[in-house]
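Written below as structure tokens is the structure these notes are about.
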Amino acid sequence: MRWYEPFLYPFSLLYDGITRYRNDMFDTQKKKSTEFLIPTVVVGNLNLGGSGKTPMVEFLIEYLRDKYRLATLSRGYGRKTKGFLLAEPKLGPTDIGDEPFQIYSKFGKDVTVAVGEERVLAIPQIIFHRPKTELILLDDAFQHRYVKADFNILLTTFQNPFFKDKVLPLGTLRENAKGAKRADIIIVTKCPASLSGTEKSFFEAGIRKYSEAPVLFAGIKYGNPEPLFHTGAKTKKKVILVSGIANDSLFKEAAGKKFEVVETITFADHHRYTLADVLRILEMVKNNGEAMVLTTEKDAVKLKDASFHEYLVEIPIFALPIKVDLKESDSQYLIERITKTVKDKAYIREI
């Protein structure tokens with residue numbers, strides 16, 4: 001136990017009581033949840049940040065974009081705007097948020113990307129502007145109970161599973177672990193490649209205390225570094241790591257396996273880069289002439305901001321792409337569950 005935990009306990013108890021009361025209001029229908037004719041799938045978590053929601057949304061897009069006309073909806077955390085917005089070429093991460101901008105940059109030609117704090121108000125806006133939409137993916141909306149989702153995907157990391165965590169501020173849980181009962185499927189993310197059957201059984205037993213939902217296990221896989229500015233640029237053996245994500249330990253581990261890490265710059269999650277940050281990166285590159293800059297996809301979209309272009313365009317800077325690594329049989333099971341949800345909703349709508 002950390003020495004200061006006894007001081008945090010009353011605040012954790014209060015927060016737990018408030019969130020339980022709120023959930024009970026929805027469970028007893030004293031607070032209203034709105035269900036929409038268009039099927040909605042939630043990707044969320046119980047813990048604060050870093051569970052791999054964006055890679056999971058991208059995973060679903062890749063599997064579903066040929067089946068349905070998709071839209072993604074998130075709050076747009078960290079943006080400087082308010083209200084409902086549809087992503088478009090003239091908007092950047094400060095307008096729609098880091099993750100939505102990343103998704104739009106990769107899939108904007110295939111899916112509608114929208115942001116809005118009040119999802120229950122944003123969904124009708126999507127339907128109005130994109131009336132042919134057939135499925136909406138709600139990013140980080142597990143606690144947004146004003147929308148009654150048709151399928152809830154709950155993520156929890158191998159490193160910090162929700163059943164071993166505590167409610168804020170003692171731990172990182174946004175609500176009591178009993179909230180997992182709302183999940184239709186639970187995916188343990190960021191699992192090591194060497195995950196054993198014994199470890200799987202341990203996680204399943206811990207999850208079963210709170211939910212009967214099927215449990216899947218997913219790792220992450222990193223692709224080859226992609227240049228930010230010059231297509232075809234060659235990578236170098238030495239790297240300067242730059243990251244501003246919730247937990248960069250796996251990013252650092254992956255980089256360390258492929259390259260010689262000579263310098264590391266770590267910022268807080270959703271860090272908004274400044275010219276001073278860029279100049280700091282340039283100074284490190286100058287001091288390490290044989291090194292390139294390696295960053296995350298999430299940070300890359302912000303470093304490509306036009307205001308930094310003249311400073312960064314001349315240095316070797318690459319992003320390390322990340323994807324969900326799920327067994328093919330588990331991938332098919334997940335997609336089949338979502339497909340069934342969509343078909344059932346369509347059948348009910350026709351009746």
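The values are calculated or read from the model by the stated rules, or taken from the named source; none is laboratory data. For clarity, every value in this text was computed on a predicted model and none was experimentally measured. Here the Cβ is made from the backbone with ideal geometry for all residues, glycine too, and neighbour counts use every protein chain on show. When the accessible area is computed, the model is the full protein with side chains, heavy atoms only, and any ligands, DNA or RNA have been set aside. Shrake-Rupley method; radii C 1.70, N 1.55, O 1.52, S 1.80 Å.
Just a few scattered comments:
- Order of exposure, largest accessible area first, which applies to R2, R69 with probe 1.4 Å: R69, R2
- Rounded Å value of the spacing that divides the Cα centres of region 284-321 and region 121-174: 32
- Sorted largest first, extent of region 163-289 alpha carbons per principal axis (Å): 54, 32, 24
- Compared with the dominant Cα axis of the chain, that is its longest principal axis, helix 249-258 is turned about 40°.
- Degrees between helix 119-129 axis and first principal axis of the chain (Cα, 0 to 90, nearest 10): 80
- Values of log10 I(q)/I(0) for region 46-85 across q = 0.18, 0.33 Å⁻¹ run -0.70, -1.10, by the Debye formula with one identical scatterer at each alpha carbon and no solvent.
- Global geometry of region 84-160, whether rounded, prolate or oblate, following the gyration tensor of its Cα atoms and the 1.5 cut on a/c: oblate
- Alpha-carbon centroids, region 180-220 and region 9-55: separation in whole Å: 20
- Amide hydrogen proximity for R65: with H placed 1.01 Å from N in the peptide plane, no residue at 5 or more positions away or on another chain lies under 5 Å.
- Pairs of lysines in region 56-126 (C-alpha under 22 Å apart; 8 or more residues apart or interchain): 7
- Protein accessible area in region 13-71, 1.4 Å probe - carbon and sulfur %: 53
- Sites listed here are chymotrypsin sites (Phe, Trp or Tyr not before Pro) in region 1-35 whose DSSP assignment is loop and whose Cβ has at most 10 other Cβ atoms within 10 Å: W3, Y4.
- L282 accessible area, assembled protein chains, probe 1.4 Å, Å²: 40
- Solvent-accessible area assigned to carbon and sulfur over region 174-292 amounts to 50 percent, based on a 1.4 Å probe.
- Computed 3J(HN,Hα) for region 233-247, one whole-Hz value per residue from the Karplus formula 6.51 cos²θ - 1.76 cosθ + 1.60 where θ = phi - 60°, is 4, 8, 6, 10, 6, 9, 9, 10, 8, 10, 8, x, 10, 4, 8, glycine and proline marked x.
- Calculated on alpha-carbon atoms, Rg and Dmax of region 54-115 in Å: 11.0, 34
- Amide H contacts of H144 (H built 1.01 Å from N, under 5 Å, at least 5 apart or other chain): none
- Anisotropy class of region 158-237 from Cα gyration tensor, a/c 1.5 cut: prolate
- Considering only S51, S249, S12, the mean-square fluctuation computed in a Gaussian network model of the chain, springs between alpha carbons under 10 angstrom, is largest for S249.
- Over 21 Å between alpha carbons, listed pairs K31/K164; K53/K237; K53/K234; K190/K221: K31/K164; K53/K237; K53/K234
- Couplings 3J(HN,Hα) of region 268-276, computed from phi: 6, 4, 6, 4, 9, 5, 10, 4, 4 Hz, in residue order, whole Hz [Karplus 6.51 cos²θ - 1.76 cosθ + 1.60, θ = phi - 60°; x for Gly and Pro].
- With the convex hull drawn over the C-alpha atoms of region 116-161, the volume per residue is 96 Å³.
- Between K238 and E260, M292, the built amide H atoms are under 5 Å apart, and every one of these is 5 or more places off in sequence or on another chain.
- Table column - 3J(HN,Hα) (Hz), region 61-68, Karplus curve with 6.51, -1.76, 1.60, x for Gly and Pro: 4, 4, 7, 9, 5, 7, 9, 9
- Residue-averaged 222 nm ellipticity for the chain, from DSSP H runs of 4+ at -39500 (n - 2.57), nearest 500: -11500 deg cm²/dmol
- Under 15 Å, Cβ to Cβ, from E204 - net charge with Lys/Arg +1 and Asp/Glu -1: +1
- Per-peptide average of other Cβ atoms within 10 Å, ordering 223-231, 55-63 highest first: 55-63, 223-231
- Other residues lying with their Cβ under 14 Å from the Cβ of A87 contribute a combined charge of 0, Lys and Arg counting +1, Asp and Glu -1.
- Principal semi-axes in Å for the chain [√(5λ), Cα gyration tensor, largest first]: 34, 25, 21
- Region 225-289 shape via C-alpha gyration tensor axes, a/c threshold 1.5: rounded
- Extension gain (nm, one decimal) between A205 and K286, 0.36 nm per residue minus Cα-Cα: 24.0 nm
- Helix 98-107 and the longest principal axis of the C-alpha atoms of the chain enclose an angle of approximately 90°.
- Of all DSSP beta bridges in the chain, antiparallel share, percent nearest 5: 20
- Counting only protein heavy atoms and a 1.4 Å probe, the chain has 50 square angstrom of accessible area per residue.
- Antiparallel content of DSSP bridges confined to region 199-351, in %, to 5: 30
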